[in-house]
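The values are calculated or read from the model by the stated rules, or taken from the named source; none is laboratory data. Since the structure is predicted, the reported quantities are computational estimates derived from the model, not experimental observations. Note that we place each Cβ from the backbone using ideal geometry, even for glycine, and neighbour counts take in every protein chain shown. The protein model used for the area step is the full one, side chains on, heavy atoms only, and it has no ligands, DNA or RNA in it. Shrake-Rupley method; radii C 1.70, N 1.55, O 1.52, S 1.80 Å.
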Amino acid sequence: MKALLLVAVLLPFSLFSQAPFFKVYTDSAQLVNDGKSITADFMQRVKKVDAGLAIEPKAILNTSPYLIYWDDSLQTANLPIWHQVIPDQQQFFIQLNGGNEAEGKRMFGLFFNGFYLPHELSHAIEWYLVFHVKKRKAQNYYFSEYFANTLAIHYWREKGRTRELEQCYQFAKKMTAQLPNPVPAGEDKINYFNNNYGKLSSNPFTYGYYQFAQFVEIYEKKTDEGFDGFLKEFLK
């Protein structure tokens with residue numbers, strides 16, 4: 001009886017410990033370790049689809065104004081940690097949540113220490129094919145982001161992180177409802193994004209609108225193709 005009670009007490013902790021990310025980290029070593037684990041798992045999934053994708057991305061801690069990004073020259077996915085994020089960017093998340101610091105931090109954790117790591121690794125796949133082995137032409141900016149967001153959603157769904165994706169979705173819907181739509185009346189949203197990428201990506205409010213809007217659109221599709229099916233179609 002005591003043994004069963006001990007298992008019952010330890011099981012929730014065990015399950016939680018096996019589900020890293022989608023949270024605000026205070027321990028940089030733990031963030032990097034979890035990032036490495038997710039990167040290795042993601043690439044294992046990718047190479048089951050195509051073993052010829054000879055890329056070995058590394059997850060590192062590198063908090064910058066870009067927050068999370070893929071550095072193709074170093075083959076690194078660069079992760080931010082909240083306490084190193086510059087105050088103006090911290091305030092961006094807090095402001096988007098009505099001045100609620102806890103909610104601003106939770107949103108940061110869900111997206112930037114959560115959802116977006118596979119997104120950046122998806123960029124690594126595309127850039128490898130385009131720039132390293134020249135097996136395909138580059139997509140435009142909009143569809144490059146759409147590809148990365150789609151593959152990331154498929155990955156997290158198949159890892160069972162549906163609760164966290166739902167939380168991201170609720171935040172994304174909230175953000176698109178309150179952020180101003182940067183697309184001028186009568187303009188096509190895709191063409192506008194591609195033609196004004198530099199200006200849009202340098203403004204967290206306009207770039208955020210596009211990223212959150214894409215997330216909402218892809219999340220609501222709920223296609224049946226799955227991670228493998230979507231990636232195989234992309235690799236054709």
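For the pair segment 203-227 and segment 91-125, the centres of their Cα atoms are 14 angstrom apart. Distance between the pseudo-spin-label points of Q30 and R163 (7 Å out from Cα toward the beta carbon): 1.7 nm.
Restricting the calculation to Cα atoms, segment 41-170 shows an Rg/Rh of 0.99 when the hydrodynamic-style radius is the Kirkwood one. The modelled label-to-label distance between A102 and K222, using points 7 Å beyond Cα along the C-beta direction, is 3.1 nm. Per-atom-type breakdown for the chain gives carbon and sulfur 55% of the accessible area (1.4 Å probe, protein chains only). List the lysines whose Cα lies under 20 Å from the Cα of K189, skipping any in the same chain that are fewer than 8 positions away. Leaving aside lysines fewer than 8 places away in the same chain, those within reach of K189 are K173, K174, K199, K221. In summary, the aspartates and glutamates within cross-link reach of K137, defined as a Cα separation below 14 angstrom excluding same-chain residues under 8 places away, comprise E126.
Calculated translational diffusion coefficient of segment 20-111 (10 °C, 1.306 mPa s; Stokes-Einstein with Kirkwood radius over alpha-carbon pairs) equals 111 µm²/s. Remark on segment 159-213: Rg and Dmax equal 13.1, 40 Å (Cα only). When S73, S122 are compared by accessible area of protein heavy atoms, the largest-first order is S73, S122, using a 1.4 Å probe. The Cα trace of the chain gives Rg and Dmax of 18.4, 69 Å, the first to one decimal, the second as a whole number. When all alpha carbon pairs of segment 186-236 are counted in 10 Å bins from zero, the resulting P(r) reads 21, 36, 33, 10 %. Within the chain, helices built from complete DSSP H runs that reach 30 Å or longer along their own axis (Cα positions) and carry a mean Kyte-Doolittle hydropathy of -1.0 or higher are 28-49.
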